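A quick write-up on the structure given underneath.
The values are calculated or read from the model by the stated rules, or taken from the named source; none is laboratory data. What you see is a predicted model; the values in this text were computed from it and never measured. Here the Cβ positions follow ideal geometry from the backbone for every residue, glycine too, while neighbour counts run over all protein chains shown.
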Amino acid sequence: MKDHLRCIRGPTTSSGGTASLSLATSPATSTTARQTRVASIGSGGDALGTLLSGLVTTLLVTLLLTACTPRAEEGARLGAEAVESAELPRTEVRLPPPPSFQKDHAPARYADDTLSIEGLRAELARHLDQTVTVRGVITELYSCPACPKGTRCRPCDKPYFWLADSKDSPRDRSLMVTDYTDQPKAAGRRNPLASGQSYLITGRFAKASPSGSLAADGLLIYQGHQPLPDGTP
């Protein structure tokens, strides 16, 4: 190979360096180079064919995707329209009425100038240690529990009862009436007290009774009562 190569130097620069370096080949070497270029062209042709085949495949896939995508979207749209157009069976829902959180309030005073329990306590300081007449319904009557024979039981409490503005009033909105048995027995026999009955109760409004009962919001020390007709508010 060395016999076929010649080194050709270019002109020397002013600084003494070589401007260029080139190789010259002999005729035999030129023939070999031409054969090498033909082989390279053949290899390049195969690579070009592979590249063109890949480009054609990519183009076909792109065309197929472009053709199929609108149909898929159209199918999805038609499916959504079918779902929207389908009528569901109508179900009637009946809910109970909403609860009322408003309390029923009795008037502070009735037309006959008697007080309600709420009206009595609304002006506690004004009515304290005063004799008042209150209208209400008895919600609970105390009765001493029976004591079995031969058993030592605790003494009975002084009978008392609870008076409220309505039959369904809770205990904390009711008024304790005490010491009513200290009155003449004849009065009790004529008008016996009964639970669930409405009455006018007269007594002294206080925070403590002679029998030892205590109530911070006041109690009534019994003096007398008068039954009211059924249905009287």
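Restricting to segment 158-172, and then to whatever is among the charged types (D, E, K, R) and under 49 Å from the mean Cα position of the chain (by Cα), can you tell me which residue is modelled with the highest pLDDT? Looking at the filtered set, the residue picked out is ASP165.
Please tell me if THR139 is surrounded by 18 or more Cβ atoms within 10 Å (Cβ to Cβ) and either under 41 Å from the mean Cα position of the chain (by Cα) or free of Cβ contacts under 8 Å to residues at least 60 places away in the same chain (or both).
Yes.
Of the listed requirements (1) at pLDDT below 90; (2) under 18 Å from GLN223 (Cα atoms), LEU175 misses just one: (1). In segment 166-181, the residues that are under 18 Å from LEU115 (Cβ atoms) and in contact (Cβ under 8 Å) with a residue 60 or more places away in the chain form Cβ pairs under 9 Å with partners that are outside any loop (DSSP other than H, G, I, E, B) and of a type in the set (S, T, N, Q), at six or more places apart or across chains, as follows: SER166/THR139.
Just one of the listed residues (GLU140, GLU123) is at pLDDT 90 or above and closer than 18 Å to PRO170 by Cβ, namely GLU140.
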